[in-house]
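A quick write-up on the structure given underneath.
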Amino acid sequence: QLVYPYDFRLTEKEKTSICYLSFPDSYSGGLGDTQFSFRLRQSGGQRTTHYEDDGEYNREAPLTLQRESAHYFGYVYFRQVKDSSMKRGYFQKSLVLVSRLPYVNLFQSLLQLIAPEYFDKLEPCLEAVCNEIDQWPPPVPGQTLNLPVMGVVIQVRIPSRVDKPGSSPVKQFNQENLLPAPLVLPTIHELDLFRCFQPVLIHVQMLWELMLLGEPIVVMAPSPTVSSEMVLALTSCLAPLRYCCDYRPYFTIHDSEFKEYTTRTQAPPNIVVGVTNPFFIKTLQHWPHILRVGELRMSGDLPKQVKVKKLAKLKTLDTKPGIYTSYKTFLHKDKTLIKRLLKGIQRKRPSEVQSALLRRHLLELTQSFIIPLEHYIASLMPLQRAITPWKNPPQIRPFRQEDFMKTLEHAGPQLTCVLKGDWLGLYRRFFKSPNFDGWYRQRHKEMTQKLEALHLEAICEANIVAWMKDKSEVEIVDLVLKLREKLVRARCQHLPVKEETLQRVGLYIETIIGSLPEDLQTVLHHH
């Protein structure tokens with residue numbers, strides 16, 4: 001019905017997809033308000049964003065919170081109430097916030113403030129809200145922001161890449177005597193993991209492995225709320241490692257990718273997809289891992305834990321909750337985690353404490369797995385003394401899986417993790433996954449930039465005049481052009497180099513040009 005701001009351009013395909021994804025696609029008798037989220041592939045080529053500083057934000061934000069370039073997130077507030085004046089006897093409407101940022105808590109909290117007002121006052125309300133949001137500062141990693149909207153100030157901290165993983169968000173917010181007292185969100189994006197994983201706590205280990213390996217998983221849930229929370233909880237359980245596969249927190253049969261995902265002519269894609277329509281039980285039967293969950297209820301005792309069942313048991317329609325898979329885990333179960341969570345339930349520990357325990361466990365698991373890889377890849381970096389000013393910096397040595405495997409005997413995950421099992425098998429399988437590819441590319445890029453930076457520093461410390469003594473004009477001109485190119489690259493790619501280093505290289509270039517004959521000087525200054 002309405003897109004605000006008006007100048008935000010969506011393709012027809014995107015509009016249609018957003019419409020279908022904004023409503024529950026299977027009958028849910030529940031009246032009232034529900035919230036859920038979806039993620040949508042952008043169609044129709046790259047569009048320029050309003051943010052020229054995208055690069056800067058993405059360099060400083062944690063990998064898991066980067067702004068997406070090819071997908072949109074949709075955050076939905078859906079209202080369904082009886083209304084005899086409507087043709088169907090119901091009022092049904094959704095307000096959807098579309099963003100490239102995965103700030104699920106911030107945007108859902110924002111919708112809780114805006115949507116009830118919007119359903120009441122309609123467009124003027126959106127106009128007022130958008131005017132306020134326009135005044136918000138951009139998200140800067142590491143900063144605490146105060147965001148005024150509709151007489152409330154939302155206060156959040158934007159996480160940064162330099163935060164220590166697992167450290168709790170900074171508690172003492174600068175209150176600056178804000179009146180009214182701000183609505184403080186303890187986290188911008190983290191879900192209540194304990195609540196999301198309630199029915200599968202005893203299988204957390206298996207789910208972590210499936211996510212690590214980028215396996216295709218279907219989450220079948222009774223509502224878009226449960227499906228989107230479960231999918232987002234799964235994709236977050238590898239942090240700080242980035243989950244590099246595709247994921248759809250909520251997916252309908254009208255989606256343009258429907259054919260692509262349900263075809264039996266090729267293997268299912270590396271994706272986690274959340275669905276609610278029972279029709280999917282038939283169309284996605286050939287997927288290797290199907291997690292079927294019921295309504296999430298927070299109760300005082302451990303909820304019924306789903307069982308692992310054979311895929312053949314996947315009956316249509318009356319499928320019971322369970323994990324339908326033939327997957328055998330590489331690592332043994334961690335009994336201590338379950339015991340600690342059970343103790344927490346008995347002692348009526350708050351959900352956020354239980355979630356912190358769970359998140360801590362997953363973080364330690366991921367770190368135990370990743371640290372040996374980090375150590376090995378760091379050993380591929382050339383020695384500092386091999387970096388000389390007048391030669392191109394040496395190459396990073398290639399990643400050899402077998403060499404890495406040999407390092408595991410004395411420096412493997414067993415140093416930091418008590419879990420026994422087939423770690424080697426897990427690494428071998430991980431090497432075939434998009435998550436390894438994404439991790440390796442990111443590291444390789446960072447190391448290449450570090451080499452460039454070290455090379456510039458070496459040039460800075462070199463005695464350029466001595467070097468020029470026995471060089472021909474051609475060699476000197478060649479050096480000027482190379483140094484200039486390096487300088488441009490350092491600035492464009494924001495290499496980790498001190499500003500004074502860059503200025504000194506700039507001065508060097510001027511000095512060298514100054515020593516050349518005048519006709520060459522003119523050419524180089526114009527070049």
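The values are calculated or read from the model by the stated rules, or taken from the named source; none is laboratory data. What you see is a predicted model; the values in this text were computed from it and never measured. Positions of Cβ are backbone-derived with ideal geometry, glycine not excepted, and every protein chain shown enters the neighbour counts. Note: areas computed on protein heavy atoms with side chains; ligands, DNA, RNA excluded. Shrake-Rupley method; radii C 1.70, N 1.55, O 1.52, S 1.80 Å.
Criterion first (open to solvent by 20 Å² or more (accessible area, probe 1.4 Å), in the same structural domain as ASP334 (by the TED database) and part of a helix (DSSP H, G or I)) does GLN367 satisfy it? For GLN367, the condition - open to solvent by 20 Å² or more (accessible area, probe 1.4 Å), in the same structural domain as ASP334 (by the TED database) and part of a helix (DSSP H, G or I) - is met. Among the candidates ILE114, ILE154, ILE158, which residue alone is open to solvent by less than 30 Å² (accessible area, probe 1.4 Å), hydrophobic (A, V, I, L, M, F, W, C) and in contact with a Gly (Cβ under 9 Å, 6 or more places away or on another chain)? Every option except ILE158 fails the conditions. Going by the structure shown, is LEU210 in contact with a strand residue (DSSP E or B) (Cβ under 7 Å, 6 or more places away or on another chain) and among the aliphatic types (A, V, I, L, M)? Yes. For SER227, the test of being at pLDDT 90 or above and of a type in the set (S, T, N, Q) is passed. Return the pairs, sorted by first residue and then second, in which the second residue is open to solvent by 20 Å² or more (accessible area, probe 1.4 Å) and of a type in the set (D, E, K, R), the first residue lies in the range 438-459 and is touching a residue at least 60 places away in the same chain (Cβ under 8 Å) and within 17 Å of PHE399 (Cβ to Cβ), the beta carbons are less than 7 Å apart, and the residues are 6+ apart or on different chains. Cβ pairs passing all conditions: GLY438/ARG242. Determine whether the range 65-75 contains at least one residue that is open to solvent by less than 40 Å² (accessible area, probe 1.4 Å) and assigned to a helix (DSSP H, G or I). Yes, because at least one residue in the range 65-75 is open to solvent by less than 40 Å² (accessible area, probe 1.4 Å) and assigned to a helix (DSSP H, G or I).
Any residue at all in the range 101-113 that's more than 19 Å from the chain's Cα centre (by Cα) and not hydrophobic (A, V, I, L, M, F, W, C)? Checked the range 101-113: at least one residue is more than 19 Å from the chain's Cα centre (by Cα) and not hydrophobic (A, V, I, L, M, F, W, C). Being surrounded by 18 or more Cβ atoms within 10 Å (Cβ to Cβ) and either touching a strand residue (DSSP E or B) at 6+ places or on another chain (Cβ under 8 Å) or at pLDDT 90 or above (or both), is that true of even one residue in the range 333-343? No, because not a single residue in the range 333-343 is surrounded by 18 or more Cβ atoms within 10 Å (Cβ to Cβ) and either touching a strand residue (DSSP E or B) at 6+ places or on another chain (Cβ under 8 Å) or at pLDDT 90 or above (or both). Would it be correct to say that ARG397 is of a type in the set (Lys, Arg), open to solvent by less than 90 Å² (accessible area, probe 1.4 Å) and either in the same structural domain as ILE370 (by the TED database) or in contact with a Cys (Cβ under 7 Å, 6 or more places away or on another chain) (or both)? No; evaluated as a whole, the condition is false for this residue. As a summary of the residue check, GLN143 satisfies the conditions (1) modelled with pLDDT under 90; (2) among the polar types (S, T, N, Q); (3) under 24 Å from LEU363 (Cα atoms) except for the one numbered (1). Out of GLU190, GLU176, one residue alone is of a type in the set (Asp, Glu) and either at pLDDT 90 or above or surrounded by 19 or more Cβ atoms within 10 Å (Cβ to Cβ) (or both). It is GLU190.
Let's see how each residue does on (1) in a strand (DSSP E or B); (2) of a type outside the set (Asp, Glu); (3) touching a residue at least 60 places away in the same chain (Cβ under 8 Å):
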position: VAL98; (1), (2), (3): yes, yes, yes
position: LEU101; (1), (2), (3): no, yes, no
position: SER109; (1), (2), (3): no, yes, yes
position: PHE119; (1), (2), (3): no, yes, no
position: PRO124; (1), (2), (3): no, yes, no
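Scanning the range 205-219 for residues that are open to solvent by less than 10 Å² (accessible area, probe 1.4 Å) and either farther than 22 Å from LEU373 by Cβ or in a strand (DSSP E or B) (or both) yields a count of 3. Among the residues of the range 234-254, those identified as among the aliphatic types (A, V, I, L, M) and either open to solvent by 10 Å² or more (accessible area, probe 1.4 Å) or at pLDDT below 95 (or both) are LEU238, ALA239, LEU241, ILE253.
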